[in-house]
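The values are calculated or read from the model by the stated rules, or taken from the named source; none is laboratory data. In this text the structure is predicted, and so the values were computed from the model without any measurement. Note that we place each Cβ from the backbone using ideal geometry, even for glycine, and neighbour counts take in every protein chain shown. What goes into the accessible areas is simple: the full protein's heavy atoms, side chains included, and nothing from ligands, DNA or RNA. Shrake-Rupley method; radii C 1.70, N 1.55, O 1.52, S 1.80 Å.
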Amino acid sequence: LRLRSEADPSSANETIEATTPMDAVDFIFTGYLEIGDHRMAIINGMEYAEGETIDAAGHYIRRISATRVVIGKIGQPDSHVLPLDESGLGK
């Protein structure tokens, strides 16, 4: 488990419904965990918390809910919403 808090400060007032175009995002959200007040998303087989960077390109978790995850990119205002894919098969 890696916990980092590099979330873009501009995301503090973001609503989970907000979505804008982003460069190609190849992530699959296949699971959700909630332990106390901590939420985690399983993306591409790895567990992530809000604010955690998920790849070398600077994508990170902005928001997690049971049905979707909002992905951002450090230094960019764009976001991408990943719906829960319980099949694990992707798009």
Quiz item: Which residue pairs have Cβ atoms under 6 Å apart, sit 6 or more places apart or on different chains, and have a first residue in the stretch 53-71 that is modelled with pLDDT of 95 or more and a second that is β-branched (Val, Ile, Thr) and in a strand (DSSP E or B)?
Solution: His59/Ile71; Tyr60/Thr53; Arg62/Val70; Arg63/Val70; Arg68/Val81; Val70/Val81
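Looking at the stretch 30-46, is at least one residue acidic (Asp, Glu), modelled with pLDDT of 90 or more, in a loop (DSSP other than H, G, I, E, B) and open to solvent by 70 Å² or more (accessible area, probe 1.4 Å)?
Within the stretch 30-46, one or more residues are acidic (Asp, Glu), modelled with pLDDT of 90 or more, in a loop (DSSP other than H, G, I, E, B) and open to solvent by 70 Å² or more (accessible area, probe 1.4 Å).
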Quiz item: How many of the residues in the stretch 47-72 are outside any loop (DSSP other than H, G, I, E, B), surrounded by fewer than 20 Cβ atoms within 10 Å (Cβ to Cβ) and of a type outside the set (Gly, Ala, Ser)?
Solution: 3
Quiz item: Counting just the residues of the stretch 73-91 that are in a strand (DSSP E or B) and of a type in the set (D, E, K, R), which one comes out modelled with the lowest pLDDT?
Solution: Asp78
